[in-house]
Amino acid sequence: MLAGVVTMLVGLATSFGTAMALTIRESPVVAVAELIIEITPGAVAERLISLVGQLDKPLLVCGIVLFLLALGGLAGLLSRTGTALPMLVWLGVAGLGILAVLIQPGGSVADTLPVVVGYVTWVLVLAAVTKPLRVAQRHPELASRERRVFLVVAGVLAVAAVGVAGAGRIVGRGRRHVAESRRLLRLDGVTRPPVPAETTIGLGGISPWQTPADDFYLIHTAISVPTIEPKDWVLRIHGLVEKELTLSYQDLVARRITESWITLGCVSNEVGGDLVGNAWWSGIRTADLLAEVGLDPSADCVLQTSDDGWTCSTPLSTLTDDRNAMLAIAMNGAPLPIEHGFPVRTIVPGLYGYVSATKWVVDFEVTRFSDVAAFWTERGWSEMGPVKIASRIDVPRSGADLPAGDVNIGGLAWAQHTGIAKVEVALDGGEWRPAELAAAPSKDTWVQWAITLPLEPGDHQLRVRASDKDGLVQTGVRRDVVPDGATGWHTIDVSVAGA
Ligand SMILES: Nc1nc2c(c(=O)[nH]1)N[C@H]1C(S)=C(S)[C@@H](COP(=O)(O)O)O[C@H]1N2
Ligand SMILES: [Mo]
């Protein structure tokens, strides 16, 4: 029984520590408490609250923890009979935790990670602490020694659990402060326009034209993302320049703000993949800043460095020409989310993220490609990273079973900074038929497309290709993402039911 209680405690601690370190809003136990409050009938809740007053929540959380420790004790007793029954207890508790976390407002699958960590802890720890006890059962002559081993193991684990929980709190603290600073920021000149109506083709199931920040793909090498207070942020622009420039966050946001819809994509996106998103970005034009420092004519790139030491080398011309390359401070009208580079990141229309979109950017060294190596280019990826023309079928889903008759097909196509001119769909390797295109506010964003085709009963293959505004037709040659982006037509299989 003690083994079960200790196991439960250790699992709750690792789960709490994980929630704190990742600053997932609350620990699973609190989520369960909120769930209970949620489902308690109003009148009952009022009676209880009037009884215990302000202490309602702490009491509820304590009650839940005590109940869980009792359940842990039960699981410990059950472990005498084998591993199946305690496993059921852990599964039940974890299931309740996951349910509570998921039905929280804004709860996402990622928020269930603390519960998963807690569950894995239970399974591993129960096996570890009960081992000496099982040995003692089988070899009575060793019983007193094994009991001592058990007590030591249980004690050490309990202490370690408190340590993990505390460490999680400390790790998460800096982030909580930055999240608070971010929440309180008011950025003059940053707007939040509605999605232009003409960009939406009106076919359900296509990814929304504007990607909400919460759904925007995330790629970074940092394990724990940098948390930078705006007041501590500085960007140094130096290297092959006439005069260096060091900018504070205040200096930066006081400048003229530029804003635009820009689609950002990852070079690692497979054909048909979803490592691409479209947002309204607000920031300060890099062309203006680089004009201010005076560029040496021999320079051809900027080596960007982020607070976590990640680097990328960006062609200088893309940061100084008339495209809206910017040091972005806001995404979709709100300060950048911490994961997307708060407080400042770079956005360059027309380039893959790995050569341009430095999050938590703190250093711009004007230099020459021949003199530097950056994180991904050192690892075999191409130095230049212009985005390749791409198109994707979002509806129907690959493998879908469809009723006979007219089938609506639709998706997205992109060729940032060149623009999409045409999208075509081929049925079963037949002729290419032009799809209808929605509008795009500029050549820097993706476009939604749709087409309706009558499909006979049976199995079918659908594929899509796009053409850009320079007349380039997307190639069907399949190439891997390394070294400079995948090529090939997104192709899906569907089955149509007999009439
Ligand atoms: N500091 C930092 N910035 C980075 C990266 C990184 O690993 N570290 N990854 C880049 C890559 S490969 C891409 S595709 C984009 C992704 O930006 P997002 O995570 O905001 O979608 O960020 C870029 N900026
Ligand atoms: Mo990327």
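A short reminder: the numbers here are calculations on the coordinates, not readings from a lab. Since the model is a prediction, treat every value here as computed from it, not as a measurement. Cβ placement follows ideal geometry from the backbone for every residue including glycine, while neighbour counts extend to all protein chains displayed.
With the Cα gyration tensor of the stretch 232-378 giving a ≥ b ≥ c as the square roots of its eigenvalues, does the rule (a/c under 1.5 for rounded; else a/b larger than b/c for prolate; else oblate) give rounded, prolate or oblate?
oblate
For R236 and L102, calculate 0.36 nm times their separation in residues minus their Cα-Cα distance, and state this gained length in nm to one decimal.
Extra length available between R236 and L102 comes to 44.0 nm.
Arrange the peptides 83-90, 26-33, 6-13 so that the one whose residues have, on average, the most other Cβ atoms within 10 Å appears first.
Packing order, densest peptide first, comes out as 6-13, 26-33, 83-90.
Calculate, for R134 and S495, the FRET efficiency according to 1/(1 + (r/R0)^6) with r their C-beta to C-beta distance and R0 56 Å; round to the nearest 0.05.
The calculated FRET efficiency here is 0.60.
From the Cα gyration tensor of the stretch 123-168, with a ≥ b ≥ c the square roots of its eigenvalues, which class applies: rounded if a/c is under 1.5, or else prolate if a/b is larger than b/c, or else oblate? It would help to have the intermediate numbers written out before the result.
Values: a/c = 6.95, a/b = 2.42, b/c = 2.88.
Verdict is oblate for the stretch 123-168.
S442 versus I49, label points 7 Å from Cα toward the beta carbon: distance in nm?
For the pair S442/I49, the computed spacing is 4.9 nm.
For the peptides 60-68, 255-263, 111-119, what is the packing order when you average, over each peptide's residues, the other Cβ atoms within 10 Å and list the highest mean first? The partial results should precede the final answer.
On the way: 60-68: 15.4, 255-263: 18.9, 111-119: 21.8.
Put in order of decreasing packing, that is 111-119, 255-263, 60-68.
Between T40 and L66, what is the FRET efficiency for a Förster distance of 22 Å, r being their Cβ-Cβ separation, to the nearest 0.05?
Step by step, r from the Cβ atoms, then E = 0.75.
Hey, what number do you get for the chain at 222 nm if only DSSP H runs of n ≥ 4 count, each worth -39500 (n - 2.57), divided across all residues, to the nearest 500?
-11500 deg cm²/dmol
Residues of the stretch 97-137 with backbone nitrogen within less than 20 Å of a virtual label 7 Å along the Cα-to-Cβ line of E339, please, listed as ranges.
98-118
Provide the gained length on full extension for the span M1 to Q461, in nm with one decimal, where the gain is 0.36 nm per separating residue minus the Cα-Cα distance.
Once the chain is fully extended between M1 and Q461, it gains 159.7 nm.
Of K243/K359; K388/K469; K359/K443, which ones are farther than 19 Å apart at the Cα?
Long pairs (Cα-Cα over 19 Å): K243/K359; K359/K443.
Would you calculate the separation in nanometres between label points at T81 and D214, each defined as 7 Å from the Cα along the Cα-to-beta-carbon direction?
For T81 paired with D214, the spin-label model returns 4.2 nm.
Sort the stretch 11-125 into rounded, prolate or oblate with this rule: let a ≥ b ≥ c be the square roots of the eigenvalues of the Cα gyration tensor; rounded if a/c is under 1.5, and if a/c is not under 1.5, prolate when a/b is larger than b/c, oblate otherwise.
The shape class here is oblate.
What is the antiparallel percent of DSSP beta bridges lying wholly in the chain, to the nearest 5?
90 percent
For W432 and E378, calculate 0.36 nm times their separation in residues minus their Cα-Cα distance, and state this gained length in nm to one decimal.
Here the answer is 15.4 nm.
Fewest Cβ neighbours within 10 Å first, please rank Y217, Y352 accordingly.
Ascending number of Cβ neighbours within 10 Å: Y217, Y352.
R169 versus V149, label points 7 Å from Cα toward the beta carbon: distance in nm?
3.5 nm
Give the relative contact order (percent, whole number) for the stretch 393-499; include only Cα pairs under 8 Å separated by 6+ residues.
34 percent
How high is the relative contact order of the chain, given as a whole-number percent (alpha carbon pairs under 8 Å, six or more residues apart)?
Working: 1024 pairs, mean separation 64.3, N = 499.
Relative contact order comes out at 13 percent.
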